[in-house]
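Shown next, in structure tokens, is the structure this report addresses.
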Amino acid sequence: MNVREFRREFWKAFEGRKRNVPEDHYFDASVRAQANLCPDVEGMMSIKKQRLLNLAFRFLAPDEAYLEVGTYKGKSLISAMIGNPPRTVYACDNFAEFQEINNCYEVTVGNLRRYGLLDQVAFHDCDFRDVYTPEKLKQPIGLYFYDGIHDEESQYDGIRLVEPFLADEA
């Protein structure tokens, strides 16, 4: 990732105090609808996080990949990729957490297909701890988004296990 350029654009996009507090104008439904990168995709991601992931994805080097652990219905995947140059994308989710709601895998695939992004994503249907292998992650990870299991041990494993696969400038 071009960290220098990302930082420069980050400071422009997220000015001063806006970085740390909710932006009041996003409470307006019409503003939120316009700012939402994929308003028809259900998800739990804030608009600021959508913008941050999209900005970071933009600065991935062509030989780097994006890894996302925990996709739910694809909102964060689509938010990162939309409008950016194609890059290798790995998504890992066994979709076990939300099985009672509906088949999130099929919904995710449908959402990615609708946005024309499905062909760029390599899915790994497994426990996230099993994705960190050279066979599954063939390119260095320049951008990593962990939204899997939220207990302390899992989050620690998510950082510890990805480290050997990170690009120098991730």
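The values are calculated or read from the model by the stated rules, or taken from the named source; none is laboratory data. It should be emphasised that the depicted structure is a prediction, and the values quoted were computed from it without experimental measurement. No Cβ is skipped: glycine too gets one built from the backbone with ideal geometry, and neighbour counts run over all protein chains shown. SASA here: full protein model, heavy atoms, side chains in, ligands and nucleic acids out. Shrake-Rupley method; radii C 1.70, N 1.55, O 1.52, S 1.80 Å.
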Filter segment 71-91 down to the residues that are under 12 Å from the mean Cα position of the chain (by Cα), part of a strand (DSSP E or B) and of a type in the set (Ser, Thr, Tyr) and list them by number. TYR90
All but one of (1) in a loop (DSSP other than H, G, I, E, B); (2) of a type outside the set (D, E, K, R); (3) crowded, with 21+ Cβ neighbours inside 10 Å hold for ASN94, so report the exception by its number. (3)
Residue pairs qualifying under the 8 Å Cβ cut-off, at least six apart or on distinct chains, with the first in segment 82-104 being within 17 Å of TYR72 (Cα to Cα) and the second being modelled with pLDDT under 75, are CYS104/PHE98
Output the number of residues of segment 35-53 satisfying the condition of being polar (S, T, N, Q) and in contact with a Gly (Cβ under 7 Å, 6 or more places away or on another chain). 0
Name the residue, out of ASP130, ASP125, ASP63, ASP119, that is among the acidic types (Asp, Glu) and modelled with pLDDT under 95. ASP125
Go through segment 112-121 and report how many residues are in a helix (DSSP H, G or I), of a type outside the set (D, E, K, R) and surrounded by fewer than 17 Cβ atoms within 10 Å (Cβ to Cβ). 2
Just the residues that are hydrophobic (A, V, I, L, M, F, W, C), open to solvent by 20 Å² or more (accessible area, probe 1.4 Å) and in a loop (DSSP other than H, G, I, E, B), please, taken from segment 29-70. LEU37, MET44, MET45, PHE59, ALA61
(1) in contact (Cβ under 8 Å) with a residue 12 or more places away in the chain; (2) closer than 21 Å to LEU161 by Cα: which one isn't true of HIS150, the others all being true? (1)
Consider segment 122-161. How many of its residues are open to solvent by 20 Å² or more (accessible area, probe 1.4 Å), within 22 Å of LYS73 (Cα to Cα) and of a type in the set (Val, Ile, Thr)? 1
